[in-house]
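Structure record follows, encoded as structure tokens.
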Number of protein chains: 2
Amino acid sequence: MKKQSDTKMLIKNARFIVTQNKKREIIENKDIKIVNGKIESIGKGFKNDDETIDAKNKIVLPGLINSHTHSPMVLFRGTGDETDLHSWLSNSIVPEEKKMNKKKVYYGSLLSILEKISTGTTCYCDMYSFYNSIIKAVNETGIRCFLSTGLKDHNNEEKIYDEIKKSTLLIKSIEKNKNPLIKPVLALHWTLTCSDKLIENICKDNKKNLPVCMHVSETKKEVEENKKLYGKRPIERLNGLNVLNENFVAIHCVNLSDNEIDILAKNRCKVIHNPASNMKLSDGICPVVKMLKKGICVSLGTDSAASNDNLNMFEEMRMSALLQKVVNSADAITAKEVFDMATVNASKIFSDKIGSIEIGKYADLILINKKDITINPINKKRIISNLVYSFDGRVSDVIVNGNTLIENYNFSTLDKDKILDNIEKLTL
Amino acid sequence: MKKQSDTKMLIKNARFIVTQNKKREIIENKDIKIVNGKIESIGKGFKNDDETIDAKNKIVLPGLINSHTHSPMVLFRGTGDETDLHSWLSNSIVPEEKKMNKKKVYYGSLLSILEKISTGTTCYCDMYSFYNSIIKAVNETGIRCFLSTGLKDHNNEEKIYDEIKKSTLLIKSIEKNKNPLIKPVLALHWTLTCSDKLIENICKDNKKNLPVCMHVSETKKEVEENKKLYGKRPIERLNGLNVLNENFVAIHCVNLSDNEIDILAKNRCKVIHNPASNMKLSDGICPVVKMLKKGICVSLGTDSAASNDNLNMFEEMRMSALLQKVVNSADAITAKEVFDMATVNASKIFSDKIGSIEIGKYADLILINKKDITINPINKKRIISNLVYSFDGRVSDVIVNGNTLIENYNFSTLDKDKILDNIEKLTL
């Protein structure tokens, strides 16, 4: 992988640039100049640079952001189907996770990154253990990653400080690794596996104002258990602990009362919606439309491939729109709102330097061939609709931080066949 | 295109053959011998033939069957979003359809066939006007098509015989065309556009026992209108006309009473489920699980790309499973049941020679590269799950009636770029 500081690139004469800037402009027939991993200028007639991509038949978008996943769990894909979250966890996932090790996490991460980048994801937020293996995979591929490890004390006070230490160690590992594409976030595992004390410690001792992600209100059973154990619904319980603020990122939020939606809005919490996983595990339907109306920032994730079962953010966008439409109304959510969820809304959680094509932002870009069947017929008016509702996700080029990860459908940094051979050996 | 009678082909050493035979066997490392467009034998060590496909790293499946679509409407993709069926029809589709012509229908059909075959569909049932242009496109591509034109008299008695004549002319055109891959089916447009008399005429004068497809109970408004105009819900109205039998194919069936489900079951009617379209237009959720429990044969369609917006039957399978799970339970429907809906269940409507890999069946086969990212990790136990829940649909080879339509990801009979250039001229 080239060093970021060496990067100088020109995307020449792009047919369409879907900027996702404040005006949501779609620019035609312009160049994008990239210097040192950032977008330096967008204009016309720039001179050719070291590396030039002819984009006259391409559509350029900001790379999509997968706000929530557990990458290595792609190894469990195709196992443990047709069960709800609680049985799925106890009967399929926990037994499989007991067999996880560094090597499996490394190759699982690589397989998941192959799928992510080939379907236009340039940045993801991961939550898993054996995080040094994830760091290794991310280093080798050049994708952008916000990394966490899920803390859980199972209400055992003795475990709290060991858990907190895990996060400290993760942050140290990331600092020591010195790859600017990997940044830490904090993660509390779940309302049923974290004590009040652990939650308070992590949220209130968050001096760096990192995002604190937590699985919240994924199932009805979880809500009932919280009521039984703490006398409150999950978001009400967290509110009672005074831990809800703009750093708090609630993952799932499928089963919320109207009062809980108001609490999330009032405290400027962020929400991550994972429609396919919620559907497959029959968790229920996240009240996305209600939350957007209240001004809550909702972004989009695939969750793991063990419950999705793919990691294609284009499919996730389509799924989220269709699901909200069928339970609300055809105009309840628009393609534009959903496209925001996979780009600029996620940037509000993780980094204001990603999610749009604007001067000064990181050059995290994906290119789509205008001759891709699933995006035709194409013109300026139809682009966002076709991206969300019909495009299959097969991008032609992927650039992260000014470096090419996919060039004309070929992986630049990864050896797909070798990874798949190793995956076969590990999972047979 | 080669003539079917010339075809002789060997698929050598297929890693997995997902047969969809009665025992739903998945066979490993065997050959498939194809003679005159049909599967002659499945075994081991056959001698190489004229055309041999090395399949040692491939998974072979029966080609998927898209039971309901309006192919040329792919030209309207990306227009008319975020509206319910009734406004979508009046404000977007009807005005666009007034501008349709032979050329547009021809190129629309070709674009839709590009997408269908590249995502593993080898057979589809079409309903549209300008059917001679569809016939031309199907002839050129070599896909299998059951073709109909939707009859509608808008309750105007004077129009009935003109409408009936349309079907007679369609059947004559298909006979005259002499392509054995195109067969006629009958189509009544919709319960709100067909009079009792037209329905009775078509269903009761069906001497060839052709399938009679009809849009039924797609929206709540349609049900209310039927109650207002005929004093009955749609299926009850059709039952009162004595037109329901095993030839009757009800498309959509989103809004059904329990009594109507019983009527469909008792009369051995078939149902075609189109989940993505129903979701996008906010029609409601088809009670697939209830119908399967009653023994009703439910098959799967994409509907048109104007309301889906893709034509990928792998995505449609996933969508149908996830939608039933989220509104019922995680075990309400299985990957196997959904895979049946896209293969053998459709064969019960259209032809007993398609939908499975068995001796004597038409050689309509699709091949998937075992190294496709979205189907890994792969082994015999995970195959069906991965096909339904994670595979992106990108097949490597497509064979219809023993002829190759896609070979190693390249179209054998179609010029993709030329088709897209023409589409651009027609839709700008």
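For this structure, a couple of remarks:
- For the range A:98-121 and the range A:220-256, distance of Cα centres in Å: 30
- Loop-located trypsin sites (Lys or Arg not before Pro) in the range B:44-143 (DSSP state not H, G, I, E or B) with no more than 14 neighbouring Cβ atoms inside 10 Å: B:LYS44, B:LYS47, B:LYS56, B:LYS99.
- Ranked from shortest, the separations from the 7 Å Cα-to-Cβ label point of B:ASN379 to its equivalents in the other copies are 5.3 nm.
- Think of each Lys and Arg Cβ as +1 and each Asp and Glu Cβ as -1; about the Cα centre, that makes the dipole of the range A:156-279 roughly 460 debye.
- Overall, the protein assembly as shown carries a charge dipole of about 860 debye about its Cα centre when +1 sits on the Cβ of Lys and Arg and -1 on the Cβ of Asp and Glu, all other atoms neutral.
- nm² value of the averaged projected area, convex hull over the Cα atoms of the range B:79-182: 7.7
- If a spin label sat at a point 7 angstrom from the Cα of B:ASP331 along the line to its beta carbon, the backbone N atoms of the range A:69-92 nearer than 14 Å would be those of A:80-92.
- Neighbours of A:ASP417 by Cβ distance under 14 Å: Lys/Arg scored +1, Asp/Glu scored -1, total +1.
- Solvent-free Debye scattering, log10 I(q)/I(0), computed from the Cα coordinates of the range B:64-350 at q = 0.10 Å⁻¹: -0.47
- Within chain A, helix-based [θ] at 222 nm, where runs of 4 or more DSSP H residues each add -39,500 (n - 2.57), nearest 500: -10000 deg cm²/dmol
- Basic side chains Lys and Arg get +1 at the Cβ, acidic Asp and Glu get -1 at the Cβ, and with that the dipole of the range B:64-350 about its Cα centre reaches some 820 debye.
- Between the alpha-carbon centres of the range B:31-85 and the range B:297-342 there is a gap of 18 Å.
- Which of A:ILE93, A:ASN247, A:SER112, positive extreme of dipole for the range A:64-350 (C-beta unit charges): A:ASN247
- In nm, spacing of pseudo-spin labels at A:LYS44 and A:LYS266 (7 Å Cα→C-beta vector): 5.3
- Modelled this way, with points 7 Å down the Cα-to-C-beta line, the labels at A:ASP417 and B:LYS418 are 3.3 nm from one another.
- With N as its number of residues, the protein assembly as shown has a Cα radius of gyration that, divided by 2.2 N^0.38 Å, comes to 0.94.
- From phi via Karplus (6.51, -1.76, 1.60), per-residue ³J(HN,Hα) for the range A:366-374 in Hz, x at Gly/Pro: 10, 10, 10, 5, 4, 8, 5, 4, 7
- Taking the DSSP bridge list for chain B and keeping only pairs wholly inside it, about 45 percent are antiparallel.
- Summing Lys and Arg as +1 and Asp and Glu as -1 over all other residues whose Cβ lies under 11 Å from the Cβ of A:ASP81 gives a net charge of +3.
- Each copy carries a label point for B:ASN91 at 7 Å from Cα along the beta-carbon vector; from one copy to the others these points are 4.7 nm apart, nearest first.
- Summing +1 for each Lys or Arg and -1 for each Asp or Glu among the other residues whose beta-carbon sits under 14 angstrom from that of B:TYR107 gives +3.
Laboratory data are not the source of any read-out in this text; all were calculated from the coordinates shown. Treat the numbers as computed from the prediction; the structure is a model and nothing was measured. All Cβ positions, even for glycine, are placed from backbone atoms using ideal geometry, and neighbour counts span all protein chains on display.
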